[in-house]
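A short worksheet on the structure shown next.
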Amino acid sequence: GADEVVHPVWGDGRPGSPGDTDAHTARVDFSPPTAVGATGPATKLWGESATFDATVTGAHGEAEQFIPVEFIVTGGGSPSTTSGSATTDAAGEASFTFSNSAASSNSIHVWADLDEDGIDDGGAEGADLSITWEKHPTTTEYTGPSGGTFSDPVTFSGTLEDASLGTPLAGESIDFAVGADGCSGTTDGTGSASCSTSLTQPGGSYSVTAGFGGSSQYDSSSDTEDFEIFKETTVTTYSGPTVIADA
């Protein structure tokens, strides 16, 4: 017909088959595969999986089944795979999933062999997407003392973890500071770090900050708590005479 679709109908009345004759019909599209579209996430945290879907349609928007689709990944980081192949299903769809173990970005070129010649001819046969693999958020927590004495050493401590996974981060630097006094420590396998410094500022109320400056794979974070610097203890000793003679 005018819509370039044929609907053949036939009956199954083979001898020996019990019951009435069964009627069957089907849809046959005569318009060729015409276009491919693609969708997928624009961002994901690195380490997560991202699925990209291609849809192949005919001249009248109908789903095209059995069409080979190729997915090609380029860009940075460490993609789990850089290519994939699939065949469209009855809905005209094909999917591809991959991940990246580093904060980076990738381009995904999708092409469907609409003319079945095994060649990416571009144009309507292709679609292009991109994804940014974002850094993981972090949580820094100050776990040290809430005060110290002027001129005396104080040991600061804190912890650092991957906030998206809830796991400690090792080998990263945490900076501790009370006003102008500070030091840095490196996290161990439990995500804990510490360091010591002397307090050189006058007694009074301050704030102590534990801060992680971020890295190529992790976002920065910090924690600020109240901190008191106490005055140094003094001892007064009398050194004058202990006996006063009568005049």
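The values are calculated or read from the model by the stated rules, or taken from the named source; none is laboratory data. These figures come from a predicted structure and were not determined experimentally. As a convention, Cβ positions derive from the backbone with ideal geometry for all residues, glycine included, and neighbour counts pool all protein chains shown. With ligands, DNA and RNA removed, areas are computed over all heavy atoms of the protein, side chains included. Shrake-Rupley method; radii C 1.70, N 1.55, O 1.52, S 1.80 Å.
Seen from all directions on average, the chain presents a Cα convex hull projection of 27.1 nm².
So if we plug the beta-carbon distance of F150 and I244 into 1/(1 + (r/R0)^6) with R0 = 41 Å, what FRET efficiency do we get, rounded to 0.05?
Details: r = 38 Å, r/R0 = 0.92.
Approximately 0.60, to the nearest 0.05.
Only protein atoms count toward the accessible area here, which uses a 1.4 Å probe; on segment 121-162, the carbon and sulfur part of that area reaches 48 percent. Suppose we flag chymotrypsin sites (Phe, Trp or Tyr not before Pro) only when DSSP calls them loop and at most 12 other Cβ atoms lie within 10 Å. Which is the longest uninterrupted stretch of the chain? My reading of the result: 67-237 is the longest stretch. Other residues whose C-beta falls under 10 angstrom from the C-beta of A210 contribute a net charge of -4, scoring Lys and Arg +1 and Asp and Glu -1. Segment 39-59 and segment 161-234 have their alpha-carbon centroids 41 Å apart. Comparing G126, G11, G148 in a Gaussian network model of the chain where C-alpha atoms under 10 Å apart are linked, the largest mean-square fluctuation is found at G11.
Radius of gyration over Kirkwood radius for segment 19-114, both on Cα atoms: the Rg/Rh ratio is 1.16.
Given R0 = 22 Å, the distance between the Cβ atoms of S173 and T224 translates into a calculated FRET efficiency of 0.80. Note on segment 146-223: the alpha carbon radius of gyration divided by the globular reference 2.2 N^0.38 Å gives 1.16.
In whole percents, the pair-distance distribution calculated for segment 94-209 from its alpha-carbon pairs, binned every 10 Å from zero, is 12, 27, 18, 13, 11, 10, 6, 3, 0. Distances between placed amide hydrogens fall under 5 Å for E228 paired with G147, G148, Y206, all partners being 5 or more residues away or on another chain.
When the Cα positions of V110, F52, G92 are compared along the charge dipole of the chain, F52 comes out farthest toward the positive end, with charges on each C-beta of Lys, Arg, Asp and Glu.
Scanning the chain for GluC sites (Glu not before Pro) in DSSP loops with at most 15 neighbouring Cβ atoms within 10 Å leaves 117-231 as the longest stretch between them. In the context of the full set of protein chains, the chain has a per residue accessible area of 55 Å² (1.4 Å probe). Under a model in which nothing but the beta-carbon of Lys, Arg (+1) and Asp, Glu (-1) is charged, the chain shows a dipole of about 980 debye around its Cα centre. Looking only at S205, S85, S184, which one moves most when the chain is put into a Gaussian network model with springs between Cα atoms under 10 Å? Fluctuation is largest for S205. For segment 60-120, the Cβ-based charge dipole about the Cα centre amounts to some 520 debye (Lys, Arg positive; Asp, Glu negative; other atoms uncharged).
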